[in-house]
Amino acid sequence: MISEREDPFLPEGRPEDAGLRPEILKEMEGRLREWKMRDVLIVRGGRLVWEWHDKGQDRTGQVYSMTKSFLSALIGIAMERGEIQDLDRSLGEFYEWTREEADPRLASIRLKHLLTMTPGFEWPDFDKPYFQMRKEADWPRYVLQQPIGHEPGEAFTYNSGASQLLSDILTRSTGLGALAYARQHLFGPLGFRSPRWKSHDGVNEGGAGLQLYSRDLAKFGLLYLREGDWFGNQLIPQAWVRESTSIQHKGLVHYEPPIYGHYGYHWWVSPEDHNGRFDCYFALGFGGQYLFVVPSRDLVMVVRKALAGKHNAILSKALLFDYVSRAMEDRP
């Protein structure tokens, strides 16, 4: 167990020593309560250089759909360990009954399609069937019984049901739920404090349900910034980090307001020509919960916000693109 002030993996520093202009960060701080922010952390140069909490200290909380990016990491780890062979494995290999269905496309859906949100299921925006799924007894079967409206691999439809299938497949392949597997191969090595993860029928939720401290979110982002290396221990394969945070589908890059981006393997990807500032990628949770990773600026930023409508999530992005980006500019 690591206390908040004794974390050797996340040493503290000063923003000015990390090339951040304190006066711009002070300007940003004046917006945080007005914009209903809860936690904001900035890591640069491997140090926690700026931290703000509306209650004065860090605390655990739901990360909502940021859970998906953690699940992506676990899939990459399982592949490296040989517990999942490759992303071209089809659902028919895990759910044999799907081979008997009238639509042959069901059994041919591949793991890569689940990771890129392109399995082809009819899944109305925004994730509406997910809420019905949570009322069912058998979550994977509910997802797999949805009609197929597109050829797998073609159309992007944001689908937490696909994430649930991935969590179920991870458990089938490793013999462990996502939380237990993460404790061994991810959360433990990163020194996470008291992670919790909701489950159903012995399987952790794939699309949401994870509860973490903000500082632990920052360490996860730092792990990705370092391409899976954690103080000499390669927790996630470098190739997986690069592939999963690269554009795999256009996703929701044209959505307005621009709270989303392109899509990788359960990560959102926002290149400079999309945001006007710099290439980055992020984990995103409902209502404006963001974990930003900006490799070219050696920056990780955590933003947690009170729920106040989907479109208000743009305020969380404004902290990075309107304030922190200016704070990184050369001093006048």
Quick P(r) readout (segment 78-172; Cα-Cα; 5 Å bins; whole %) gives 2, 14, 26, 27, 19, 8, 2, 0
Semi-axes, largest first, in whole Å: what does sqrt of 5 times each Cα gyration tensor eigenvalue give for the chain? 34, 21, 18
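Within segment 114-214, which GluC sites (Glu not before Pro) sit in a loop by DSSP and count at most 16 neighbouring Cβ atoms inside 10 Å?
Values: sites: Glu122, Glu136, Glu154, Glu205; in loops: Glu122, Glu136, Glu154, Glu205.
Answer by residue number: Glu122, Glu136, Glu154.
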Taking θ as phi - 60°, what are the ³J(HN,Hα) couplings along segment 261-278 by the Karplus curve (6.51, -1.76, 1.60), each to the nearest whole Hz, with x for Gly and Pro? x, 5, 10, x, 9, 6, 10, 8, 10, 10, x, 4, 6, 8, 9, x, 10, 6
What residues have an amide H closer than 5 Å to that of Tyr281, excluding those fewer than 5 places away on the same chain, when H is modeled at 1.01 Å from N in the peptide plane? Ser270, Val293
Global geometry of segment 141-259, whether rounded, prolate or oblate, following the gyration tensor of its Cα atoms and the 1.5 cut on a/c: oblate
For segment 84-163 and segment 256-288, write down the distance between their C-alpha centroids in whole Å. 24
Nothing charged except the Cβ atoms of Lys and Arg (+1) and of Asp and Glu (-1): what's the magnitude of the dipole of the chain about its Cα centre? Round to the nearest 20 debye. 860
Any lysines with Cα under 30 Å of the Lys219 Cα? List them, leaving off those in the same chain fewer than 8 positions away. Lys26, Lys36, Lys55, Lys68, Lys112, Lys198, Lys250, Lys305, Lys310, Lys317
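Since every read-out is calculated from the coordinates, none of them should be taken as a lab result. This one's a predicted model, so the numbers in the text were calculated from it and none came from an experiment. Using ideal geometry, Cβ is built from the backbone for each residue, glycine included, and neighbour counts are taken over all protein chains shown.
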